Structure formats: structure tokens, C-alpha cells
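Student: Mind looking over this structure? Questions follow.
Nothing in this text is a laboratory measurement; each read-out follows from the coordinates by a stated rule. Treat the numbers as computed from the prediction; the structure is a model and nothing was measured. No Cβ is skipped: glycine too gets one built from the backbone with ideal geometry, and neighbour counts run over all protein chains shown.
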Amino acid sequence: MNKHLLAKIALLSAVQLVTLSAFADVPLTPSQFAKAKSENFDKKVILSNLNKPHALLWGPDNQIWLTERATGKILRVNPESGSVKTVFQVPEIVNDADGQNGLLGFAFHPDFKNNPYIYISGTFKNPKSTDKE
């Protein structure tokens, strides 16, 4: 390849990199953050006494969905009344005092209305495992 062509490609790449970096997010300073935050929020406890809550999502049904890491429960909470329904309890969930295990994250199927599936991530017991810990 021609040396001049390589130099032009390198120069164009450098210009693109510099241009794109100008659009990078710039974090707020603490004083800017303090000015930006709003005090127009009402605080209300709608649920307490959870057993190691881990993941929380606003559901497509306008309910709050969350996982309890220790129990393996997927809970659905009405944000207005605070009523709680256990949607599912994952069997054979690993739960101990240390580490990050148990029922962790979850996601709704992208077309949850027509495909009401929830995908979960967690640590599960394996009856075929030879690990005794």
C-alpha cells in the first residue's frame, strides 16, 4: 500500500477519534449534582422485611417486580397498595451467608404480553455435583 494513503487513513482515524471523544459523557461535579437533583419526590415505604432483595424492575403491567436472593422468590408488588404476591419460588436455590449466590437478576421476555416468560439468573443446586461445599 502507498505510504501516503496509509498516512491519510491514520490521520482520518485520529480526527474521528478526537471528534467522537468530544461527545463523551462528562460526569457532574458534586455541586452540579446537588443543584440538579429535585426535591419534588414523595417518599413512601411500600414494602419492608424482605430477605436479601437483589433485582428490581418496573414490570410491563405497571407493578414492581423483585427477587429475594436468599429465598429464591420472585415477588410482584402493587406500588399503590403495597400488596405483595409471590409469582414464583425457584426450587433448589443456593443460599449461604457468603458470596453472591442465590436468585440474582431477571428479565422479562421482550414481548411479555404474548410470551409471559421471565428469564432468571442465579446459583442453583446440582444433585449430580461432587462438590460437597
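Student: Tell me the label-point distance for the pair residue 87, residue 58, using the 7 Å Cα-to-Cβ offset, in nm and rounded to one decimal.
Tutor: Going by the 7 Å Cα→Cβ label model, 1.6 nm.
Student: Also, I was wondering about something else. Amide H to amide H, which residues 5 or more places from residue 123 or on other chains are under 5 Å from it, using H placed in the peptide plane?
Tutor: Under 5 Å from the amide H of residue 123 lie the amide H atoms of 94, 102, 103, 104, each far enough along the sequence or on another chain.
Student: Here's another thing I want to ask about it. Around residue 46, with a cut-off of 15 angstrom between Cβ atoms, what is the net charge of the other residues, counting Lys and Arg +1 and Asp and Glu -1?
Tutor: +2
Student: So, one more: Can you tell me how much longer the chain between residue 80 and residue 112 gets when fully stretched, taken as 0.36 nm per residue apart minus their C-alpha distance, in nm with one decimal?
Tutor: 9.3 nm
Student: While we're on this one: How many nm separate the modelled label positions at residue 31 and residue 96, each set 7 Å beyond the Cα in the direction of the Cβ?
Tutor: Between residue 31 and residue 96, the simple spin-label model gives 5.0 nm.
Student: Note down the net charge around residue 122, summing +1 for each Lys or Arg and -1 for each Asp or Glu among other residues with Cβ under 15 Å from its Cβ.
Tutor: Local charge sum for residue 122: +1.
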